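Below is one structure, written out as structure tokens, with a few remarks after it.
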Amino acid sequence: MTDRHPLGPFVRRFLLEEVVADRNLTLNTQRSYRDSIRLLLRFMAERHSTDPTRVATEQLTATVVRAFLAHLEEERGNSVTTRNQRLAAIHSLFRFIARQVPELVDHATQVRAIPLRKAAPPPMPYLDKAEIDALLAVPDRGHAQGRRDYALLLFLYNTGARASEAAQLTVGAVTLDAAPSVRLLGKGRKTRTCPLWPHTAEVLRELLSSRSEGPRDAPVFRNVRGESITRFGIHTLVARTVAKAAGATPTLREKRISPHTFRHTTAVHLLRSGVDINTIRAWLGHVSLQTTNRYAEVDLEMKAKALETCAIAGSDHTPVWRKDSDLMAFLTSL
């Protein structure tokens with residue numbers, strides 16, 4: 001009888017060597033992989049009366065993984081996106097196992113053959129300029145926390161940074177000279193540089209003050225304890241700001257707004273301003289141009305709706321288009 005291969009050592013090496021040391025994946029991805037494997041082992045323990053510490057790799061068959069995925073959707077109520085994230089982690093684990101033990105290649109191939117399910121792209125909420133202005137008007141810049149809040153919200157809008165990128169931003173990554181810019185550490189530990197508007201640079205210069213000459217690894221955006229603000233802290237700030245601004249700007253109540261909404265807003269506004277799609281891709285740090293192209297589709301929808309407002313219902317009069325130079329310029333931009 002062929003000896004079985006305990007799964008535990010593979011999991012430990014995968015998370016420590018592959019995910020952390022070799023691939024240097026972000027902390028969020030590391031936690032996602034860890035949680036996916038934990039859920040899978042818990043599922044096996046409950047459904048198959050198997051001690052998680054004694055699970056053999058051979059027991060984790062494609063059939064078991066499919067049952068686990070069904071459990072995620074049907075019993076835990078997970079979305080297709082979450083289901084695919086869990087499966088991606090399992091695929092990655094078995095890719096690692098196949099490299100370590102050649103006799104498990106066929107077994108790993110069967111698991112990795114389970115396809116990701118196609119998911120409809122989620123709606124892409126973004127803010128109009130008036131809504132952005134309403135949010136930026138909320139922080140009381142006469143107080144230290146208000147100045148921090150205003151600087152952080154403005155920074156998110158200027159750069160399209162992810163919440164995690166803003167949270168881990170250090171003083172050394174900010175340049176506030178004649179050509180102000182910021183260096184962001186994004187997904188996959190890849191860095192990109194974004195220009196800063198003169199006003200953003202001025203606000204950050206005021207926020208940092210003497211700290212700009214201090215330790216280069218000090219956080220730019222700090223909490224009340226003087227420590228680096230967390231992703232959760234940024235989400236809380238945005239939620240608090242939206243709640244206050246919604247009183248004067250009711251349209252904010254109709255949208256689900258998070259720090260990532262600022263990122264979508266940055267992309268849409270750049271596109272409206274005539275910035276080409278490849279520049280926006282570099283600006284946001286997208287790996288695939290297909291991801292950035294979603295903003296072009298959103299922009300096209302906006303233009304189509306605007307064009308509909310130009311129609312004159314029930315009129316036989318043919319408008320003289322060339323007399324309206326602004327409208328002609330708009331149509332040319334379609």
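The values are calculated or read from the model by the stated rules, or taken from the named source; none is laboratory data. Keep in mind the model is a prediction, meaning the values are calculated, not measured. FYI the Cβ positions are ideal-geometry reconstructions off the backbone, even for glycines, and counts take in every protein chain you see.
Condition check: buried (at least 19 other Cβ atoms within 10 Å of the Cβ), in the same structural domain as ALA45 (by TED's automatic domain parsing) and under 23 Å from the mean Cα position of the chain (by Cα). Does ALA108 satisfy that?
no
Determine which member of the set ALA161, ALA151, ALA173, ALA179 is farther than 18 Å from ALA282 by Cβ, among the hydrophobic types (A, V, I, L, M, F, W, C) and in the same structural domain as ILE257 (by TED's automatic domain parsing).
ALA151
Inspect region 147-160 for any residue being without any contact (Cβ under 8 Å) to a residue 40 or more places away in the chain and either closer than 22 Å to LEU237 by Cα or touching a helix residue (DSSP H, G or I) at 6+ places or on another chain (Cβ under 6 Å) (or both) and give the result as yes or no.
The answer is no; no qualifying residue exists.
Say whether the condition of being in contact with a strand residue (DSSP E or B) (Cβ under 7 Å, 6 or more places away or on another chain) and within 14 Å of PHE94 (Cα to Cα) is met by at least one residue in region 50-66.
Yes: region 50-66 contains one or more residues that are in contact with a strand residue (DSSP E or B) (Cβ under 7 Å, 6 or more places away or on another chain) and within 14 Å of PHE94 (Cα to Cα).
If the requirement is being buried (at least 18 other Cβ atoms within 10 Å of the Cβ) and either assigned to a helix (DSSP H, G or I) or at pLDDT below 95 (or both), which of these qualifies: ARG66, ARG83, ARG47?
That would be ARG83, the only listed residue that is buried (at least 18 other Cβ atoms within 10 Å of the Cβ) and either assigned to a helix (DSSP H, G or I) or at pLDDT below 95 (or both).
Tally time: how many residues in region 124-180 are assigned to a loop (DSSP other than H, G, I, E, B) and within 23 Å of the chain's Cα centre (by Cα)?
10
Those residues that are in a strand (DSSP E or B) and surrounded by fewer than 17 Cβ atoms within 10 Å (Cβ to Cβ), I need them from region 181-191; list them, please.
Residues satisfying the conditions are SER181, ARG183, THR191.
Looking at VAL275 and the list (1) surrounded by fewer than 18 Cβ atoms within 10 Å (Cβ to Cβ); (2) among the hydrophobic types (A, V, I, L, M, F, W, C); (3) assigned to a helix (DSSP H, G or I), which single condition is not satisfied?
With respect to (1) surrounded by fewer than 18 Cβ atoms within 10 Å (Cβ to Cβ); (2) among the hydrophobic types (A, V, I, L, M, F, W, C); (3) assigned to a helix (DSSP H, G or I), VAL275 is out only on (3).
Please find, within region 197-247, the residue that is nearest to ALA134 (Cα to Cα) out of those that are of a type in the set (S, T, N, Q) and surrounded by 12 or more Cβ atoms within 10 Å (Cβ to Cβ).
In this case the residue turns out to be THR241.
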